[in-house]
Each structure stands twice: as structure tokens, then as C-alpha cells.
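Enquirer: Structure below; questions to follow.
The values are calculated or read from the model by the stated rules, or taken from the named source; none is laboratory data. Here the structure is a predicted model, which means the values were calculated and not measured. Here Cβ is always computed from backbone atoms with ideal geometry, including for glycine, and neighbour counts include all displayed protein chains. Accessible surface areas use protein heavy atoms only, side chains included; no ligands, DNA or RNA. Shrake-Rupley method; radii C 1.70, N 1.55, O 1.52, S 1.80 Å.
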Amino acid sequence: MSRRCCLSPLGPDAELPVGTRNVFARPYPTRMGQLGPLFACVPSMQNFPRQVNAGENQDLYFATQLAFDALADAGLRPHSPTPIKGSVRIGYAPPFNASTVNWLQHTAFLDQTMDIIRRFFPRSPEESLDEVRKKLVESLPAPNASSFLLGTGYRFASWIARECSFAGVATTMDAGILSGAAALQNAVADLVSGQADVALAGALTPPIPRAYLEGLSGAIPFSTRTELYPFAQEQEGTIPGEGGAFFVLKRRTDALRDHDRVYALVRSIAIGHNPEDDPSAILAQATEGSEIPVKTVGLIEADGSGIAVAEQREIDAVHRLWGEHRPGGPLVAMGSVKGNIGHTLRAAMAAGVVKASLSLFNRVLPPQIPPEHPHDSLANLASSAYLLGEARPWITGDSSSPRRAAVLGANFDATDPVGAAAKGGRSAVIVLEEEPEVRS
């Protein structure tokens, strides 16, 4: 609400050669949305009454902490003595974390290091080389079979389910930037089918190591500016970020019965391929799937990546569905949380759901960090969409129509990450609605 930019300069832990370019001859970002001290957990709460060592997977403990925090906000407690009919769905892909790197260091990296030493010192006695290898092994975190299993992504959901006493299905998936939407879609399906009475859905992008950032920078353009302004005229690329979010979901009847605080209702989720000639296809599919007129959506939490062709495609999609603005006609506000925290990759749509849900719950259209020169298509008075520069009370013109928001996301394409955004590609839309029981 204060329009604060949470991007921070890359610190020494990033290990980036400042002032140079990467292996693809592209610049590194100068700032990122970094978790820093927020990337923490309380091991004793997770049945780990000891300090987490460098060979274990801190991502898992952070994800579990987020799940515990979400349950606490919902008035639930982990470690229930009786099993809960619940499911866990997580969007996550293991990067180069401490656990996986530790095992590589003990095997492939160690062998490669010894081969290099042998080439430089071909006359060294084997006893001396054995001593060098022994010293290298002693300098590494001790190998541990449990940490190896916990370092693999499939264990995330099952671990959290066990700690939360959830007896139902538990899966970890990777749908790229759409991971938050995919996890939410599966969680909703668990509730609708009756497989679960409580569903925990989330997505995670842990601290980004240099190796991951290096590869990512070869696929998408990074901005070297200190701030990211979604839907500005001058765009040169995105700024990556880190983060995670979890949601506790119930069927609406159960939530009202239990007197739960309901931030928002999930009306529909659409995931698919936007054809080249119709950038609005998935957005239209989402509103049609929920049987609501698209023009009753008052807020679009857009992808807003800072990549010009992708942002233009989003604007074209909205204009296609809303058409030219007429006096007294409906308007739709646009914004993107990426202006505050950067592009959090697999957690990006989850971040958008957090923002949109809180907007519905508080009946406020939250402000965007305003660019100096907004995109011409949004600054035009003929546009039905406008960029939120200031906070506004969310007032609906029709008392019979609840407030609604749509969260948009688009994947980068592996072969043409920038061009794909302009030509069509995988995208997702989540339609949220306010809970009428708390509507004034």
C-alpha cells in the first residue's frame, strides 16, 4: 500500500562478478527481490531440535515454515494427534541447493578436481594425491543419506503433509511460472472431488544461486535498472525475485460452518495455450468457466514482467475483451506486484493471488509503483483499462455484483522466451471473488 520497492542490491553471497557480463555476454541484474533473513525456519517446530547443517536442504525447512504460518493464520495447528483429511500441492523445482551440491562435491566435482591436480602434477606420488583427496573430503559437509532424500523435490509435499498430519495426496510439481496456478488448480480439484476437506497449496522460489541466475540470464533479458516498473513505456527486461506462499483452502460451506476468515473465493482457474492471433483466449476461458461476465472483473493482477512484448500482449488481451471505453462503462484496474518484489518465477502467480485476495478482503484497489511514463495504451482515455497509481476504495457500480479479480501469468518459452510472449504461449488465469458473507 505504501508503494515500496523491496528490491535490494546483490550482496557478496550472490558471488556475481560485479561490472562484468555473464557467459551469454549479457549484463547481470544489479538488484533482485531477495529473501535475505526472511529465508528462515524454526527447526524445533519441524521435529528438528538442532541446527540445520550446510549439507541439508534449507528450501524444505523454509517451505514447511510457510505452510505452518498459513495453517496458523487459518486457525489450524500442525502435528495434530489425529489424521486430517487433507492434501498438499506444491509448485517447486529444486535448484542448486546445498544438499544437491554437497553430493556433487563428494562425487563428480571431487573426481574432476583430482583429475585436474593429476594433470598439473603428473609426477606426484599416489600417496600424496590420496592425502589431498582426504583433505578435500574433510573440508566438505559430512554426507548424510537423509539429507539426500530431503534434497529431492518429491519429498517436499510428503514431508509437509506428514508434519501437518494430512493423510491425503501430496505432490510436488513444476509448471514453471504457472506453478502457483497449477498447485491451486489441483488443490481445488481435491476439494471438489471429496478427496480432501482441507487443501494446502503453495509455490516456492528459494534464494537464487549464481549458477541458476547465469542460466536464467541466457534465456530472458534482465533489467539493469534499480527498480522495475510494470507497464512503463521504456522496458528493457525483468528483475528476478525470491519468495514463496501457501494457501489453506476449504469448500465454502465448510469454511462458513467453521467460522473461518475467508480472504477470497476461487471461481475458476484456466491453464492453456494462447493462440498467436488471440492473446485473450485463456482469460476468456477463465471467465466463461466461472460463468461470469468478463467486464465484472474490477482488478487484473497482471503478469507485468517488464518485458515489453509480453506486457503489450497482456494489454492487447484486456482491450480485446473490454473494448473501447464508453462513458459510464466498466473500467478495469491493472497492476503487478512484480514492481514491489520482482519476478518471483515459480512463486509469481502465488504472489499475485496473495495481493488480489487481500485486495478483495479489504475492498481496496492497491497502488502500483507508478512509472514516470506509463504505457500509451493504458494512459489513453479511450482505454477501458487503467494503471493503478494511487490506492482507491473498491466501489462496485452494481450492488448485485461482487468484487472480482483476475490473476494472470505467462511462461517463458525454452526456445524463444521473449518471442513466445509476443506470439502466444502457455499462460494461466485465476479468477477470484469476494466472500459475500463479509461484503458490506
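Enquirer: Of the residues that make up region 34-41, is at least one surrounded by 13 or more Cβ atoms within 10 Å (Cβ to Cβ), under 20 Å from ASP174 (Cα atoms) and at pLDDT 90 or above?
Expert: No - not one qualifying residue is present in region 34-41.
Enquirer: Another question about this same structure. Answer yes or no as to whether GLU291 is assigned to a loop (DSSP other than H, G, I, E, B) and among the charged types (D, E, K, R).
Expert: When the stated conditions are applied, GLU291 passes them.
Enquirer: Next question. Name the strands (runs of 3 or more DSSP E) wholly within region 183-287 that hold at least 3 residues that are buried (at least 24 other Cβ atoms within 10 Å of the Cβ) and touching a Pro at 6+ places or on another chain (Cβ under 6 Å)?
Expert: Result: empty, no element qualifies.
Enquirer: Would you tally the residues in region 288-302 being touching an Asp or Glu at 6+ places or on another chain (Cβ under 9 Å) and open to solvent by 10 Å² or more (accessible area, probe 1.4 Å)?
Expert: 3
Enquirer: Among the residues in region 308-331, are any open to solvent by 10 Å² or more (accessible area, probe 1.4 Å), within 17 Å of MET349 (Cα to Cα) and either more than 25 Å from the chain's Cα centre (by Cα) or aliphatic (A, V, I, L, M) (or both)?
Expert: Yes - at least one qualifying residue is present in region 308-331.
Enquirer: Looking at region 339-361, which of the residues that are open to solvent by less than 10 Å² (accessible area, probe 1.4 Å) and not hydrophobic (A, V, I, L, M, F, W, C) is nearest to LYS295 (Cα to Cα)?
Expert: Out of the qualifying residues, it is SER359.
Enquirer: Please name all residue pairs, on different chains or six or more residues apart, with Cβ atoms under 6 Å, provided the first residue is in region 283-296 and is more than 10 Å from ALA406 (Cβ to Cβ) and hydroxyl-bearing (Ser, Thr, Tyr) and the second residue is open to solvent by 10 Å² or more (accessible area, probe 1.4 Å) and at pLDDT below 90.
Expert: Hits for this filter: THR296/SER401.
Enquirer: Here is a further query. Tally time: how many residues in region 140-156 are touching a strand residue (DSSP E or B) at 6+ places or on another chain (Cβ under 6 Å) and either open to solvent by 70 Å² or more (accessible area, probe 1.4 Å) or modelled with pLDDT of 90 or more (or both)? Steps first, please.
Expert: Here is the first cut: in region 140-156, the ones touching a strand residue (DSSP E or B) at 6+ places or on another chain (Cβ under 6 Å) are 153-154, 156.
If we keep only those that are either open to solvent by 70 Å² or more (accessible area, probe 1.4 Å) or modelled with pLDDT of 90 or more (or both) too, we end up with 154.
The number of residues fulfilling the criteria is 1.
Enquirer: Something else about it: Note down all Cβ pairs under 9 Å where the first residue falls in region 244-257 and is closer than 10 Å to LEU191 by Cβ, the second is part of a loop (DSSP other than H, G, I, E, B) and of a type in the set (A, V, I, L, M), and they're at least six residues apart or on different chains.
Expert: LEU249/ALA196; LYS250/ALA74; LYS250/VAL262; ARG252/VAL262
Enquirer: Same structure again: Quick test of your reading of the structure: PRO374 fulfils all but one of (1) on the phi < 0 side of the Ramachandran plot; (2) out of contact with any Leu (no Cβ under 7 Å at 6 or more places or on another chain). Name the failing condition by number.
Expert: (2)
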